[in-house]
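The values are calculated or read from the model by the stated rules, or taken from the named source; none is laboratory data. Treat the numbers as computed from the prediction; the structure is a model and nothing was measured. Cβ placement follows ideal geometry from the backbone for every residue including glycine, while neighbour counts extend to all protein chains displayed. Surface accessibility is based on the protein's heavy atoms, side chains included, excluding ligands, DNA and RNA. Shrake-Rupley method; radii C 1.70, N 1.55, O 1.52, S 1.80 Å.
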Amino acid sequence: VTDAIDGAYFELVSGIISGKTSAASTQSTTGTTYTVTASTWYRLRILPNSNATSITYYIYNEAGTVLWTNSLTTNIPVTTGQEMGVGTIATNAGTVATELLKIDYRVTI
């Protein structure tokens, strides 16, 4: 599996989440990360600013407290043909079936 060609998204690898942007397959990754705990509910939010020059990532706990935030200003897809949508991709590089995530709900504004 490869990174997205165009988009702003969270990447979770071995329990560590980072924010990423990608424009024409050139990616940027947030300078800090957040380590998640199994069997814990989190709310993740991706918020572009009004002129799409910055993407801010948030991770909240179940009570709504911000646990982590970081922003990116590079490799944000903004040209025609690089439109973003909402989606979820979860992959397992191993050979044993593994539960990767549970999604309770998703809101798109």
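Once you put a point 7 Å from the Cα of Thr74 and another 7 Å from the Cα of Asn61, both along the Cβ direction, what distance in nm separates them?
3.3 nm
Which of the chymotrypsin sites (Phe, Trp or Tyr not before Pro) found in the stretch 46-109 are loop residues per DSSP with 16 or fewer other Cβ atoms within 10 Å of their Cβ?
Hits after loop and neighbour filter: Tyr105.
How much area per residue is accessible in the chain when the probe is 1.4 Å and only protein heavy atoms are counted (Å²)?
69 Å²
In the chain, what is the volume of the convex hull around the alpha carbon atoms, normalised per residue and reported in Å³?
Considering the Cα atoms of the chain, their hull volume per residue is 119 Å³.
If we sort 46-53, 75-82 on the protection proxy, mean other Cβ atoms within 10 Å, highest first, what's the order?
Packing order, densest peptide first, comes out as 75-82, 46-53.
For Val36 paired with Ile103, estimate the spin-label separation in nm (one decimal), with each label point 7 Å from Cα along the Cα-to-Cβ line.
1.2 nm
Compute the semi-axes of the equivalent ellipsoid of the stretch 1-64, taking the square root of 5 times each eigenvalue of the Cα gyration tensor, and list them largest first in whole Å.
Output for the stretch 1-64: semi-axes of 22, 16, 9 Å.
Note down the nm distance, to one decimal, between modelled labels 7 Å out along Cα→Cβ at Thr95 and at Asn51.
Reported label-point gap for Thr95 and Asn51 is 5.4 nm.
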